[in-house]
Amino acid sequence: MRPVIQMEDLRKRYQIGDQEIQALRGVSLSIETGDFVAIMGPSGSGKSSMMNVIGCLDKPTSGEFYLDGYPVSQAHDDELAEIRNQKIGFVFQNFNLLPRTTAVENVELPMLYAGKSAKERRERAIRALIEVGLEQRLYNKPNELSGGQQQRVSIARALVNDPVILLADEPTGALDTKTSEEIMGIFQQLNDAGKTVILVTHEPDIAEYAKRIVRFRDGQIVSNEVVEERRRVLPEVGRR
């Protein structure tokens, strides 16, 4: 089985005025289908640049990056937009929901860009919301939902196009401890069902829900370790 993500000697440079910033310095990483990887590192370590490259929001300066076998490092901007919509599900710290739109309508949005019919959009959005435990909140707007419920909507929206990876950027950063545990329980259930999850976090206890922790410093991977004593959430906790 080929890796869902394969990177070889990946480098990313930014020019700020007359200063060149080396954000990624020869990163090589392989992530298999069904893995659950947490990416960690201090500010300026390269983890945000890595997330932007994995999410096809930015292209590497040099090196090779294959996502689901596709050579992303050679893709044009319109191809990157299609890859983002079809192959990557994004979950953000601040949810990024449209405030005047119901949960089910928020979840339908990625399918609008994919050209799905109204009937299919509604059916798939409802299934995704049921999967994250929000069957009673389909028609609530974000201001009628708790932070944890809003993040569930965000996860459902990320799932609705059946992406090859879920990419979560600090998904518990705006949540309390109990709600964070519930959200990580959902990610673990999705991963147990076969979904590849990549999580960017600065919180060690959140990273321990993953199967593997990749640590960055100064634009390079300094460790890539299996989590020996992994935190687990009981299914009923994640489904509440």
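The values are calculated or read from the model by the stated rules, or taken from the named source; none is laboratory data. Keep in mind that what you see is a predicted model, and the values were worked out from it rather than measured. All Cβ positions, even for glycine, are placed from backbone atoms using ideal geometry, and neighbour counts span all protein chains on display.
In the range 113-132, the residues that are without any contact (Cβ under 8 Å) to a residue 12 or more places away in the chain reach residues that are surrounded by 14 or more Cβ atoms within 10 Å (Cβ to Cβ) and outside any loop (DSSP other than H, G, I, E, B) with C-beta atoms within less than 8 angstrom, at least six apart or across chains, in these pairs: 116/124; 120/111. Tell me which residues, restricted to the range 1-59, are among the hydroxyl-bearing types (Ser, Thr, Tyr) and in a strand (DSSP E or B). Scanning the range 1-59 gives 14, 28, 30. The number of residues in the range 55-95 that are of a type in the set (A, V, I, L, M) and within 18 Å of residue 22 (Cβ to Cβ) comes to 0. Considered as a group, the residues in the range 48-67 that are out of contact with any Ser or Thr (no Cβ under 9 Å at 6 or more places or on another chain) and in contact (Cβ under 8 Å) with a residue 60 or more places away in the chain include one that is nearest to residue 203 (Cα to Cα), and that residue is 48. Checked against (1) part of a helix (DSSP H, G or I); (2) closer than 30 Å to residue 228 by Cβ; (3) modelled with pLDDT of 95 or more, residue 89 passes all but condition (1). In the list 129, 134, 138, 80, which residue meets the criterion of being surrounded by fewer than 21 Cβ atoms within 10 Å (Cβ to Cβ) and farther than 20 Å from residue 5 by Cβ? Answer to the selection: 138. In the range 3-44, the qualifying residues are those that are at pLDDT 95 or above and among the hydroxyl-bearing types (Ser, Thr, Tyr), and the one that is nearest to residue 221 (Cα to Cα) is 28.
No other residue among 157, 127 is modelled with pLDDT of 95 or more, of a type in the set (Lys, Arg), in a helix (DSSP H, G or I) and touching a helix residue (DSSP H, G or I) at 6+ places or on another chain (Cβ under 7 Å) apart from 157. Only one of the numbered conditions (1) surrounded by 12 or more Cβ atoms within 10 Å (Cβ to Cβ); (2) modelled with pLDDT under 90; (3) within 19 Å of residue 158 (Cβ to Cβ) is not met by residue 115, and that is (1). Taking residues in the range 80-94 that are more than 14 Å from residue 160 (Cβ to Cβ), and partners anywhere that are among the aromatic types (Phe, Trp, Tyr) and part of a strand (DSSP E or B), the pairs with Cβ atoms closer than 7 Å and at least 6 places apart or on different chains are 83/70.
Screening the range 193-217 for residues that are part of a loop (DSSP other than H, G, I, E, B) and of a type outside the set (A, V, I, L, M) and picking the one that is surrounded by the fewest Cβ atoms within 10 Å (Cβ to Cβ) gives 194. Of the residues making up the range 182-207, just one is touching an Asp or Glu at 6+ places or on another chain (Cβ under 9 Å) and more than 22 Å from residue 132 (Cβ to Cβ), namely 202. Yes or no: residue 222 closer than 30 Å to residue 62 by Cβ and either surrounded by 18 or more Cβ atoms within 10 Å (Cβ to Cβ) or at pLDDT 95 or above (or both)? Yes: the conditions hold for residue 222.
The residues in the range 163-192 that are part of a loop (DSSP other than H, G, I, E, B) and under 22 Å from residue 30 (Cβ atoms) can be counted, and the count is 2.
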